[in-house]
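Here is the structure we will look at, set down as structure tokens.
The values are calculated or read from the model by the stated rules, or taken from the named source; none is laboratory data. Just so we're clear, the structure is a prediction, and the values are computed from it rather than from any experiment. Here the Cβ positions follow ideal geometry from the backbone for every residue, glycine too, while neighbour counts run over all protein chains shown. Just the protein is used for accessible areas: all its heavy atoms, side chains included, with ligands, DNA and RNA removed. Shrake-Rupley method; radii C 1.70, N 1.55, O 1.52, S 1.80 Å.
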Amino acid sequence: QPVFATGVMASGDVRVDLLLFAALRETVGTGRLQVTLPLGSTTRDLMQHIEKEHPRLKDLLPSCAMSVNREYTQHEEVRLKNGDEVAVIPPVSGG
């Protein structure tokens, strides 16, 4: 799958790998993005960045689960580090 970088990385930035699943992946057109954010950014900042870059995801993101480095977390709790893997997972329905 292709990897897209957003922004140019500077010495005060962090780059994270963003994994998108199901409807999120279909909407964006890829399941993996590299996102560059300012140093000190949190998962909440990442969600705001995603909404800005991909406005069609705005209604989907609030109901999604998130993990950082394969550990589930709340959107605003985690300060991101260079190389973190952040997965955004929409709710699963079915029976």
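Scan the range 26-42 for residues that are within 16 Å of Val14 (Cβ to Cβ) and open to solvent by 60 Å² or more (accessible area, probe 1.4 Å) and report the count. Here the count works out to 2. For the range 43-83, a residue qualifies if it is open to solvent by less than 60 Å² (accessible area, probe 1.4 Å) and farther than 22 Å from Glu26 by Cα, and the qualifying residues are Asp45, Thr73, Val78, Leu80, Gly83.
When Val16 is tested against (1) open to solvent by less than 60 Å² (accessible area, probe 1.4 Å); (2) at pLDDT below 90, only condition (2) is not met. Evaluation of Ser11 against the conditions (1) at pLDDT below 95; (2) surrounded by 13 or more Cβ atoms within 10 Å (Cβ to Cβ); (3) among the polar types (S, T, N, Q) shows that the sole unmet condition is (2).
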